[in-house]
Structure formats: structure tokens, C-alpha cells
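These notes are about the structure you will find just below.
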Amino acid sequence: MATHSIDPLSEAVLPAGIRSRIVENVNGLQMHILEAGEAPGSAGAILLLHGFPELAFCWRQIMPLLADHGYHVIAPDQRGYGRTTPEPVSYSDAVEPYSVLNLAGDMVALLGALGLNQVDAVIGHDFGSLVAGTCALVRPDLFRRLVLLGTPFAGAPALGARLGAAPADDPIHAALLALPTPRRHYLLYYAGPEANGDMWNCPQGVSDMLRGYYHQKSADWPNNRPRPLEGASAEQLARLPYYYVMPADQTMAEIAAASMPSKEQIEQCMWLSEADLAVVAGEFARTGFQGGMQWYRSAMRGDMARGLALFAGRQVECPTLFVAGEGDWAAFQAVGAIDAMSARLAREPITPHFVAGAGHWLQQEQPGMLADMLVAFLTEAPTGH
């Protein structure tokens, strides 16, 4: 195991009640985590898994709220992110460690390193939703409840289902390029060799790039009015915002620049201060984005589908909650994903919940409302399990 070469986050940038440390021997990693609440917590432990491009720090608003209810709250920088991977990841690095099963294995190893024999809930946002769902699917003894934020997770395929083509080989990509205004799917872009450099070395700098990116996927951006698509054709997918189905000749940094909020909008943004953005931007400016993009490379070459096929026919056994912001296109960008999740993922049907005044960054935009929903879910008696 390589020697870790970076310190935990300074207390000066952390909200009151949150602490930072490096945990040794986590599936070959030295993992940076944030914690709130006492360990062991009187109400149990909660594991929070971030998505892209985020960090453990992006749970900062909600962690103290959950700790106030007696929970020991744990949020790691996942593999490839922040202080868990203090050195930049290269496109030439191995992709295998970033498969969803190994990412779930990281979380199993983290519980062991922390001396926990279970957590009361694993809560995932964005790509972290898929890792959280996998954790609950494959280790029901360790993860007692599951919460998926923003991104639906359909779980394992049906027993006997045949694997299709890898997502990168889907004919939809050629169909998008053949539109009158050629488009490309952001998943394919993130899995490619240029995306990291486009975002890391962008003309506006990482901080402004992230500000524009976060703004355009939030409820603050007036063009976020998500609705189910009528099919999976290129024409239907082209209805998605540019941050999901991009103009083929633009980079993500250029798309973020086109949605950069004004100085007045930034000053009025209550959920992302300039000081907090500086923490996140400072981490990505140091590491780049390739660590997170390795996750997309793995998924797009079909590793996720092949890995979950091992658990074909299996359902999540624990109580499960899905919550998204009313302004979040992530719930609808994959056609039929919510219906597939609701019908197939768990033993009990899953009813989606949508939160007003939030876009994609639900835990940052509406932390109080989300915390209330989570505490209600975590304390209700399980039914049918």
C-alpha cells in the first residue's frame, strides 16, 4: 500500500461538528472520511456516498442534522476522489478497480476498518446511488436500509436475462451524431480520453467551471423542467439538457461556461458559498477528474452489467427509499429507469418522492427537508421484510 501523502481537511473549512481523518487498510486504499456524531451513535451509523463531481465534503450541510438525531454519520471520499487518492489518476491507469462491485467492496472494507458490523442505512447520490444500491443488494447483512438520491438503480438483471452490448457500443451514439445538430451522450464523453483535460485545464479555471456546472444542474437554473421522455430514440434524448446530451462539438467546460451564474446569483446562492466551493474546487484542481471518470469508463465498457449478472434474480431485501429534486433530470435521463427500479429492485414497490426547490444537488440545496425525510424513513417500522 502506498504511503498517504496528504493530511485530513483542516478544521477551519469544516462545519462545526464534522471531523476529518484518514482510515488505513480499506481494500488497498488509505481512505479519507468525514464524520459527525458520536461513534458508536445511539441511533446507529449512516454511510453517505457521493457522486460526480463531488466529494465527502458535499454532504456537509446534512451530516450535522443527522448527527443531531443520534447517528454516527460517515462520508468517505470514494476511490479516485479527493484525499483518498491524493495523486492524480491517469487515463492509462487500470479501470478494473473502479467496477461497481469493487467500489461496493471498498465500503465493506471501510466498515471493517471502522469496526462496524453493520450500518443502519447506506445513502447514495448520483453515481453513489449505484454503489449504495449494490452494497444493499450484495451484503444485506451489513446495510439495513437503502436510500437512493437522484439516480435510479434497477439492481440485478432477471434470472436468465442475456447481457446486451456494452453501453459504449449502443447504436444510440451513432444516431445522436446523425441528428441535424449532432449530439453525444455525456456518459460516452466522460469515458473518453479528453474529458479530464477539458475540465481540469479549462480556460475559466476549475472553480468557475464547477460553479457553472453545479448551477446548471440545480433548481436555480430556470431551464430545468424535467419530465419523462417518450422513448429512447435519439430525437427524444436530444430533449435532455446539454449537460446530459451534449452538442458534439462542445466540451463540458464550455457547456458549464454558457450557464455561469451572474455575480448577483452567486451572492444569492444559499447552498454553495464561495468558501465551500473553494474547498471542492481546490481538491479537483489538485487531483483532476480522471479518478471519477474511471467509474464511467468501467460502466460504459459493460463492467457493471457483467458484475451484477452474478446476482441475477436477486432483489434488495431492506427497506428502500428513492428521493429526487423536482428540478433533477437525473431521475428521467435513462428512459424507464424509475419504473424498472420501482418494479424490480426491492421486494416491496418503491414510490419515488420529489422535493420542491431542489435540482440535482438535493442534499446541498434542501438539506433540512431531506434530513427530515431521512429520519422519518430510518425510524419507521419495516413492513414486509
Q | Enumerated strands (runs of 3 or more DSSP E) restricted to region 121-211, each holding at least 3 residues that are of a type outside the set (Val, Ile, Thr) and at positive phi | A | none
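So how many residues does region 195-204 have that are surrounded by fewer than 20 Cβ atoms within 10 Å (Cβ to Cβ) and within 12 Å of Gly288 (Cα to Cα)? Let's see the steps before the verdict.
To start, the set of residues in region 195-204 that are surrounded by fewer than 20 Cβ atoms within 10 Å (Cβ to Cβ) comprises 197-198, 200-204.
Checking the rest, the ones that are also within 12 Å of Gly288 (Cα to Cα) come to 197-198, 200-202.
So the count comes out to 5.
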(Q) Anything in region 145-191 that is crowded, with 17+ Cβ neighbours inside 10 Å and either of a type in the set (Gly, Ala, Ser) or over 19 Å from Tyr244 (Cβ atoms) (or both)? List them, or say none. (A) Arg145, Leu146, Val147, Gly150, Ala154, Gly155, Ala156, Pro157, Ala168, Ala191
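For Tyr242, state whether it is assigned to a helix (DSSP H, G or I) and of a type in the set (Phe, Trp, Tyr). Don't jump to the end; show me each part of the working.
Working: assigned to a helix (DSSP H, G or I): no; of a type in the set (Phe, Trp, Tyr): yes.
Answer is no for this residue.
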Q) So, of the residues in region 311-336 that are under 21 Å from Trp221 (Cβ atoms) and among the charged types (D, E, K, R), which turns out to be farthest from the chain's Cα centre (by Cα)? A) Glu326
(Q) Just to be sure I understand, how many residues within region 91-129 are of a type in the set (Gly, Ala, Ser), over 24 Å from Ala330 (Cβ atoms) and in contact (Cβ under 8 Å) with a residue 24 or more places away in the chain? (A) 3
Q. Of the residues Ala371, Ala376, which single one is surrounded by fewer than 17 Cβ atoms within 10 Å (Cβ to Cβ) and modelled with pLDDT of 95 or more?
A. Ala376
Q: Tell me, please, whether a residue that is modelled with pLDDT of 95 or more, over 19 Å from the mean Cα position of the chain (by Cα) and within 18 Å of Leu142 (Cα to Cα) can be found in region 89-110.
A: yes
Q) Since Ser42 meets every condition but one in (1) at pLDDT 95 or above; (2) within 23 Å of Phe377 (Cβ to Cβ); (3) of a type outside the set (A, V, I, L, M, F, W, C), which condition does it not meet? A) (1)
Q: May I ask you to list pairs of residues, at least six apart or on different chains, whose Cβ atoms are under 9 Å apart, with the first in region 182-196 being in contact (Cβ under 8 Å) with a residue 60 or more places away in the chain and the second being surrounded by fewer than 17 Cβ atoms within 10 Å (Cβ to Cβ) and in a helix (DSSP H, G or I)?
A: Arg183/Leu177; Arg184/Leu177; His185/Ile172
Q | Condition met for Arg286 (under 30 Å from Leu9 (Cα atoms) and over 17 Å from the mean Cα position of the chain (by Cα)) | A | yes
Q: Can you give me the number of residues within region 84-104 that are in a loop (DSSP other than H, G, I, E, B) and either in contact with a helix residue (DSSP H, G or I) (Cβ under 9 Å, 6 or more places away or on another chain) or crowded, with 21+ Cβ neighbours inside 10 Å (or both)?
A: 12
Q: Working only within region 2-39, note down all residues that are without any contact (Cβ under 8 Å) to a residue 40 or more places away in the chain and within 20 Å of Leu378 (Cβ to Cβ).
A: Ala36, Gly37, Glu38
Q: Would you check if Gln364 is over 26 Å from Ser99 (Cβ atoms), crowded, with 18+ Cβ neighbours inside 10 Å and either touching a residue at least 24 places away in the same chain (Cβ under 8 Å) or of a type outside the set (D, E, K, R) (or both)?
A: yes
Q | Residues that are closer than 20 Å to Ala285 by Cα, in a loop (DSSP other than H, G, I, E, B) and of a type in the set (A, V, I, L, M), drawn from region 23-72 | A | Leu55
Q: Hey, can you tell me all the residues within region 61-79 that are under 24 Å from Lys217 (Cα atoms) and buried (at least 23 other Cβ atoms within 10 Å of the Cβ)?
A: Ile62, Met63, Ala75, Pro76, Asp77, Gln78, Arg79
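The values are calculated or read from the model by the stated rules, or taken from the named source; none is laboratory data. All values reported here derive from a predicted model rather than from experimental measurement. Heads up, the Cβs are rebuilt from the backbone with ideal geometry, glycines too, and the neighbour counts pull from every protein chain shown.
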